[in-house]
Amino acid sequence: EQKFPYVGAIGSKSKRAVLVKELIAAGVDAHQADLFTCPIGLPLGKSEPAEIAVSVVAQLIQVRDARRADGQEG
C-alpha cells in the first residue's frame, strides 16, 4: 500500500468533499482520504496564478519542514 506524505489540489471546500468521497469509493482508506488537502496553498496574496503558485510552494515547504521536525522523512 502506497502512502503519500501530502496530497492536495486547487479547489474549494465543497470540491474537497466530493473528491474525498470519490477517493473512498475508489478504495482509498477513509483515514488516508481525509488527509487530502483541498484547497491547497497558504492563504496569502490574491488569486492570481503566480501568487497561487507561491502559496502552494510555501505550503509544501511548510509541510516538509514540519515532517523533518517530527523526525519523519522529508
List the number of the failed condition for Ser12; all other conditions in (1) surrounded by 12 or more Cβ atoms within 10 Å (Cβ to Cβ); (2) touching a residue at least 12 places away in the same chain (Cβ under 8 Å) hold.
(1)
Tally time: how many residues in segment 5-31 are part of a helix (DSSP H, G or I) and not polar (S, T, N, Q)?
14
Which condition breaks for Val57 when tested against (1) in a helix (DSSP H, G or I); (2) under 12 Å from the mean Cα position of the chain (by Cα); (3) touching a residue at least 24 places away in the same chain (Cβ under 8 Å)?
(3)
Please determine, by comparing only the residues of segment 32-44 that are assigned to a helix (DSSP H, G or I) and of a type outside the set (Gly, Ala, Ser), which one is most open to solvent (accessible area, probe 1.4 Å).
Asp34
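The values are calculated or read from the model by the stated rules, or taken from the named source; none is laboratory data. All of these numbers come straight from a predicted model, not from anything done at the bench. Because the Cβ atoms are built from the backbone with ideal geometry, glycine has one as well, and the counts that use them run over all protein chains shown. Accessible surface is based on the protein model in full, side chains and every heavy atom, while ligands, DNA and RNA are left aside. Shrake-Rupley method; radii C 1.70, N 1.55, O 1.52, S 1.80 Å.
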